Amino acid sequence: MNQADFEAFVAKLPNVEREDNFGYAFFFVGSDHRLPFVSFAAADNAYDAVSQLDRAGIFRINIGVSKASFQALVGESSNRDYTAVNTFLPHPQYAARNFICILNPEGPNVQKTKTLIEEAHALASRQAEKTNKH
């Protein structure tokens, strides 16, 4: 799957809104655009060049997962080559918020990435419900 395919997958999830900014495509649950549950980047910018996204055909998916999923995927991983494709890594800036990232998922990681996006969507949906009740 390419970036457009993944973005189309995300857009079909319930109550999803998209916002483009700083060269990223951010996806939120509902109209509260404080924290996206997933974002896509395909080019370096002044704030983020660690993944060398200016390479032809390279894109990064950033996903906000549960703490348990974060630990299971990247835990105390010492591998921090943010240019590696098809490898789950802690997000370079938002790992403390349980965000992981992957460049160009392939093979079994395509389905795993989709499952993680669905998890992130469910987490964001629950948070939106809590916020709307207050």
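Quick note: the coordinates plus some simple rules give every number you see, no bench work behind them. As the structure is a computational prediction, the values presented were derived from the model and not from experiment. Don't worry about glycine lacking a Cβ; one is built from the backbone with ideal geometry, like all the others, and counts go over all protein chains shown.
How long is segment 21-75 along each principal axis, judged by its Cα atoms, biggest number first, in Å?
In descending order, the Cα extents are 32, 31, 19 Å.
Which lysines does Lys130 reach when only Cα atoms under 25 Å apart count, and residues fewer than 8 places away in its own chain are ignored?
By straight Cα distance, Lys130 reaches Lys12, Lys67, Lys114.
Quick check: convex hull of the Cα atoms in segment 52-112, volume per residue, rounded to a whole Å³?
Once divided by residue count, the hull of segment 52-112 is 81 Å³.
Gain in length, Ser66 to Tyr94, computed as 0.36 nm per residue apart minus the alpha-carbon separation, to one decimal in nm?
Full-extension gain reported as 8.8 nm.
Any chance you could list the semi-axes, whole Å, largest first, of the equivalent ellipsoid that the Cα gyration tensor gives for the chain, using √(5λ)?
One finds semi-axes of 22, 17, 14 Å for the chain.
Run the simple label-point estimate for Ala11 and Ala122 please: 7 Å along Cα→C-beta, distance reported in nm.
2.5 nm
Quick one: Cα centre-to-centre distance for segment 75-134 and segment 1-65, in angstrom?
11 Å
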